[in-house]
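I am attaching a structure below and will ask some questions about it afterwards.
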Amino acid sequence: MSNVLVTGGAGYIGSHACKALRAAGFTPVTYDNLVTGWKDAVKFGPFEQGELSDRARLDAVFAQYEPVAVMHFAALSQVGEAMSEPGRYWRNNVEGSLTLIEAATAAGCLNFVFSSTCATYGEHDNVVLDEGTPQEPLNAYGASKRAVEDILRDFGAAYGLKHVIFRYFNVAGADPEGEVGEHHRPETHLIPVMLEAIDGTRPALTINGTDYDTPDGTCVRDYVHVMDLVDAHVLGLKWLQDGKESRVFNLGTGDGFSVREVIDASRAVTNREVPYSEGPRRAGDATKLVSGSTRAAAELGWTPERSTMPQMIADAWRWHQNGHYEG
Ligand code: UDP
């Protein structure tokens, strides 16, 4: 079976990608430093612990496994943290990715699937966000991801490295079979934070700003189920293996949900109250991020199957109640 090097394979999205790769007949080789990931989440292939910045270690892993492609998930990914600690984001996400990209190129592993983000777009009033929208990130997280996109383009031109870049909108839900799920310490993302408020693990959810120019004053996001998201990655890998050109794809559903709408949906799905309070805006947040692209559907044949809000919350809630990692 063909090996695929999955950086961040012990993290939320990476672990689901490993499951999807395995199901598609690949062997996912997880490369992760376990700073935010969990060894318990590595269930579908070999595990190699290491830093993105460790070129010698990366070279040894490429030599041992001879992967046909890299899927690069490993990154710091919190907007709030990126605003207060930008240096960590540039060092880890950009310098680390550059080292990985150089190692992959030197090893002759020229198919590269990259996790980028809608945060690279920034604030665009009344503009449909598609892959051609100018990238004007509002925070160091988005800026660091945009920089890696640029590195991939330059390495494509210079060395023939082929890429598929996925710009994710907001990823939610969990493996419906319960093998893997979302587990951050501390948790900052809206849906899992809300589930912690619902079950009393935390006192309440704080809504980050209620004075945005949206119908109910709270930020609007486009949520996509993690299983659908990782299916797109397998399609992206096959795209590269078929010899097609480097390409960027938005991964979102095109439906926007405000924070208040997500709270309402969670109340309906869990049949429990959602304790919340209203707080100030979070620095770096765009008002509205909703995909306006059908490119992934049209070109990759991607059809999201679980990305309804009730399904994403139900799957996240099941994992929240039944699943966890020890280490
Ligand atoms: N959010 C919130 N309270 C929280 C966590 C998030 O109001 O405890 C808001 C956040 O400001 C944003 C939306 O929910 O408008 C989604 O945030 P998340 O951190 O889940 O993802 P992001 O959009 O930053 O990738």
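Within the stretch 227-236, does at least one residue satisfy the condition of being in a helix (DSSP H, G or I), within 28 Å of Thr294 (Cβ to Cβ), within 15 Å of the ligand (Cβ to nearest atom) and touching a residue at least 24 places away in the same chain (Cβ under 8 Å)?
yes
Now for a different question. Across the stretch 221-238, which residue is surrounded by the most Cβ atoms within 10 Å (Cβ to Cβ) among those that are among the hydrophobic types (A, V, I, L, M, F, W, C) and within 13 Å of the chain's Cα centre (by Cα)?
Val226
Hey, another quick one. Considering only residues that are of a type in the set (A, V, I, L, M), within 16 Å of the ligand (Cβ to nearest atom) and open to solvent by less than 20 Å² (accessible area, probe 1.4 Å), which ones fall in the stretch 77-125?
Listed by number, the residues that qualify are Ala82, Ala119.
Would you tally the residues in the stretch 146-166 being more than 20 Å from Ala107 (Cα to Cα) and in contact with a Lys or Arg (Cβ under 8 Å, 6 or more places away or on another chain)?
1
Name the one entry in Arg185, Arg202 that is more than 13 Å from the ligand (Cβ to nearest atom), of a type in the set (Lys, Arg) and in a loop (DSSP other than H, G, I, E, B).
Result of the check over Arg185, Arg202: Arg185.
Can you find, within the stretch 302-327, the residue that is most open to solvent (accessible area, probe 1.4 Å) among those that are among the small types (Gly, Ala, Ser) and in a loop (DSSP other than H, G, I, E, B)?
Selected residue: Gly327.
Follow-up. Out of the residues in the stretch 278-292 meeting the condition of being open to solvent by less than 50 Å² (accessible area, probe 1.4 Å) and within 14 Å of the ligand (Cβ to nearest atom), tell me which one is modelled with the lowest pLDDT.
For the stretch 278-292, the residue satisfying everything is Gly284.
Mind listing just one residue for me: the one in the stretch 180-203 that is more than 18 Å from the chain's Cα centre (by Cα) and either among the acidic types (Asp, Glu) or crowded, with 16+ Cβ neighbours inside 10 Å (or both) and, of those, farthest from Glu305 (Cα to Cα)?
Among them, the one singled out is Arg202.
Something else now. Go through (1) open to solvent by 20 Å² or more (accessible area, probe 1.4 Å); (2) at pLDDT below 95 for Asp264 and report which single condition fails.
Result: Asp264 passes all but (2).
Under the condition of being hydroxyl-bearing (Ser, Thr, Tyr) and within 16 Å of the ligand (Cβ to nearest atom), which residue from the stretch 240-261 is surrounded by the most Cβ atoms within 10 Å (Cβ to Cβ)?
Ser258
Among the listed residues Thr210, Thr218, Thr214, which satisfies the condition of being assigned to a loop (DSSP other than H, G, I, E, B), buried (at least 19 other Cβ atoms within 10 Å of the Cβ) and within 16 Å of the ligand (Cβ to nearest atom)?
Thr218
The values are calculated or read from the model by the stated rules, or taken from the named source; none is laboratory data. The structure displayed is predicted, hence computed values, not measured ones. Because the Cβ atoms are built from the backbone with ideal geometry, glycine has one as well, and the counts that use them run over all protein chains shown. Just so you know, the surface numbers come from the protein's heavy atoms only, side chains and all, with ligands and any DNA or RNA stripped out. Shrake-Rupley method; radii C 1.70, N 1.55, O 1.52, S 1.80 Å.
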